[in-house]
Amino acid sequence: MTTGVGTAGTDGRVSPSATALGLIADYVRLTKPRIIVLLLVTTAAAMFVAADGRPNGWDLLWTMIGGYLAAAGANAINQFVDRDIDATMSRTTDRPVVSGRVSPAQALIFGLALGVGSALLLGLLVNWLAAMLAMVGLLVYVGVYTIWLKRSTPHNIVIGGAAGAVPPLVGWAAATGSLSLEAWLLFAIVFFWTPPHFWALALILSKDYASVRVPMLPVVAGDAETRLQVVLWSLVMVGVSLLPVASGGLGGIYFGSAIALDTVFVALALAAWRESGLRYTRHTFKYSLLYLALLFLALVLDAL
């Protein structure tokens, strides 16, 4: 029989090993690993492009670990800050802090420790520019997005979304020790991808956001305007996605892949704009995740 985070025996007591495993699982949940995977894809892809398809293996390994720690720390601190609204929104009520399985103080200390660990690991084993950029990403996500903008403006994700665009800069800096125009173009791709990606999700979760008075765009401007903004930002994203080719940094493999991926994205966004329900909106959100992963995979293939 399962109870809490452990497994009870015939005497009703929970075994220490089961309790420990449950606690470890909760700390892993604090880091939101599924979200971090996509960030690491953009980081690794940037390293391959920056190094002409042959990044140093050790640099790649330590950058992946350091990048995970930075993003994990930001996610853990985010759950500390947002524990009040997480307790009300239906999709977040089982998060470790809200449920009481991890105390707010423990989540905060855990997040800060991960951030410090990321900075030291990247700085000592890769380079300090990569470490600084990883910390900038953490601070923008926690300080600018979560604490300042999320509860105050519907433009929160446009400005705060810059945090999610930092990983390609970290990867480029890790591979080269500097930043170039190409690195900033990769940053721009993720930056302009974020609004249509996140606003599709916000449409799906608009009732949750309204219940806690978080001014996401659907809550403030309505569903129709949000759907239109998804289309408009998708079109801007298409143009930005082709800039690496226009700059001369990438070739036919990336160009063809980008055109195909962009076409599907815009088609789904237009279908979501015209519908009255959420069918194509859900498709748009799910595809946006696949889109970014495949677009950055195309970057790697072109570099190789």
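The values are calculated or read from the model by the stated rules, or taken from the named source; none is laboratory data. The structure presented is a predicted model; accordingly, all values stated were derived computationally and were not measured. Cβ atoms come from the backbone with ideal geometry, glycine included; neighbour counts cover every protein chain shown.
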Worksheet item: Which helices (runs of 4 or more DSSP H) does region 233-304 wholly contain that include 2 or more residues that are surrounded by fewer than 17 Cβ atoms within 10 Å (Cβ to Cβ)?
Response: 252-274, 279-303
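Rundown of residues vs (1) outside any helix (DSSP H, G or I); (2) closer than 28 Å to Leu133 by Cα; (3) within 17 Å of the chain's Cα centre (by Cα), yes/no style:
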| residue | (1), (2), (3) |
| --- | --- |
| Gly164 | no, yes, yes |
| Ala175 | no, yes, no |
| Leu185 | no, yes, no |
| Ile189 | no, yes, yes |
| Val230 | no, no, no |
Worksheet, complete the sentence: Considering residues that are crowded, with 20+ Cβ neighbours inside 10 Å and assigned to a helix (DSSP H, G or I), the number found within region 210-225 is 3
Response to the item:
Expected single match for out of contact with any His (no Cβ under 8 Å at 6 or more places or on another chain), surrounded by 19 or more Cβ atoms within 10 Å (Cβ to Cβ) and at negative phi among Leu149, Leu179, Leu169 is Leu169
Discussion item. At pLDDT 95 or above and either out of contact with any Ser or Thr (no Cβ under 7 Å at 6 or more places or on another chain) or not acidic (Asp, Glu) (or both): which single residue out of Ala210, Ala246, Ala200 fits that description?
Written reply: Ala200
Item to complete: Could you please find all residues in region 140-178 being of a type in the set (Gly, Ala, Ser) and in contact (Cβ under 8 Å) with a residue 40 or more places away in the chain?
Response: Ser152, Ala163, Gly164, Gly171, Ala173, Ala174, Ala175, Gly177, Ser178
